[in-house]
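Taking it in order: structure first as structure tokens, then the write-up.
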Amino acid sequence: MEKEKKKFTFKKALSIFLGLLFVVALVGGIGYLIKSNSAENEVFLTRKPTIQNLDDKVMATGKIEPREEIEIKPNIAGIIQTISVDEGDKVQAGQLIATIRIVPNITEVNNATMQVTNSQIQLANAKVNVANQQKQYEMQAKLYKQGVISKQEYITAEQQLQTTTQQQKLAVQSLNAAQKQLQIVRTGATPELQSMATTQIRAKAAGTVLEIPVKVGSQVIEANSFNAGTTICSIADLNALIFKGDIDEAQAGRLQQGMEMKVVIGALQNRSFPGKLTLIAPKGKEESGTIKFAVEGDVYNKSGDYIRAGFSANGEILLSSKKNALLLDESLIQYEKGNNKSFVEVKQPNGSFKKVYVKLGSSDGINVQILSGIDKNAEVKVWNPSDKDKEELKDKKK
């Protein structure tokens, strides 16, 4: 009796277990079907190719600079007394820029004064010697005529007179030099040197005053072999401008001097000016782990717009242009792992997506040319939607 009871209990438990297992399997199957149906019905954004022109161009970033910038420097040291121009003024060659007041160096003045005094003493001694030697010569000449002394003694007296006379001339020259040196340390120049060193600083060429880094009262030093000197102002012709920028090393080999360039200046509401590439640096420089090459180009301001030196600009160099090309957003292109073949997912009539291989052409960094694989009516899946695309997708589901 007890055995039959146990057997019945076991069968009942087994039936309950099998029943629960069936229910779990049934629920799982239903969930899988629901999930599969929802996956099939999941909505994806699509984009169609467009037909438009594709320009293959190189972009250089840089700024506008004057072709020639002249720095005005003094050739004497002193203190700025007056400044006659302002930044932005147009000046002509020879126009007065500033005046300098000489501040004598006390040590140099004392040394020059002592040199003048010493030269005066030497000149006075030389005059006394000449006077004495003149008397000696006259006496020797008289005795020679009388036959008292020999001709050799007469010649010796004559030579000594010439020597002392020459010494007097040298003393005069030394005194003149010492007096000029004293005048230089006091005033900065002598009348003979006014054309070489002057307290009036004038423009060396016509142009626009770009910068005046000094002010009245600033001390300046002259340009010499050991010092570049103080810049009083810089002048440039803003009608002769150039573009200076940098390009990546991958683009340097595609450029040649003489190529046409379009210079776009953002500060002028993205106005563009024609230009021509004039220089590609033969040596690159490393910036943030990448190699950059400097480029320069002429800027032609035919409209006479006022372009300020230092404006940021972009130099666009067109390499080729394709008319009516089939273009697709490059972010929609996918690549197979291993062979790196390019493909897109194209929407089919039943709503599913099919993998289609495409052949790519040129790219401008945003759009890529489709040479074969799809046509302009293909709806390509957006497989990596941006935040903007996600918002659009939400609106579409609503």
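Numbers for the structure displayed
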{"quantity": "Gln251 being assigned to a helix (DSSP H, G or I) and either more than 24 Å from Ser363 (Cα to Cα) or not basic (Lys, Arg) (or both)", "calculated": "yes"}
{"quantity": "Residue list for segment 344-371, filter: surrounded by 15 or more Cβ atoms within 10 Å (Cβ to Cβ) and more than 18 Å from Gln52 (Cα to Cα)", "calculated": "Val344, Glu345, Val346, Lys347, Phe353, Val358"}
{"quantity": "Test: Gln159 is more than 20 Å from Val220 (Cβ to Cβ), surrounded by 16 or more Cβ atoms within 10 Å (Cβ to Cβ) and without any contact (Cβ under 8 Å) to a residue 60 or more places away in the chain", "calculated": "no"}
{"quantity": "Some residue of segment 349-357 being of a type in the set (Ser, Thr, Tyr), in contact with a Ser or Thr (Cβ under 9 Å, 6 or more places away or on another chain) and in a strand (DSSP E or B)", "calculated": "yes"}
{"quantity": "Residue count, segment 302-348 (criterion: of a type in the set (Lys, Arg) and outside any strand (DSSP E or B))", "calculated": "4"}
{"quantity": "Residue match in segment 112-129 (condition: farther than 30 Å from Arg308 by Cα, at pLDDT below 90 and outside any helix (DSSP H, G or I))", "calculated": "no"}
{"quantity": "Restricting segment 361-394 to residues that are farther than 30 Å from Leu318 by Cβ and of a type in the set (A, V, I, L, M), the residue that is modelled with the highest pLDDT", "calculated": "Val382"}
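The values are calculated or read from the model by the stated rules, or taken from the named source; none is laboratory data. Note that the structure is a prediction, hence the values are computed from the model and not measured. When we count neighbours, we look across all protein chains shown, and the Cβ atoms used for this are built from the backbone with ideal geometry, even at glycine.
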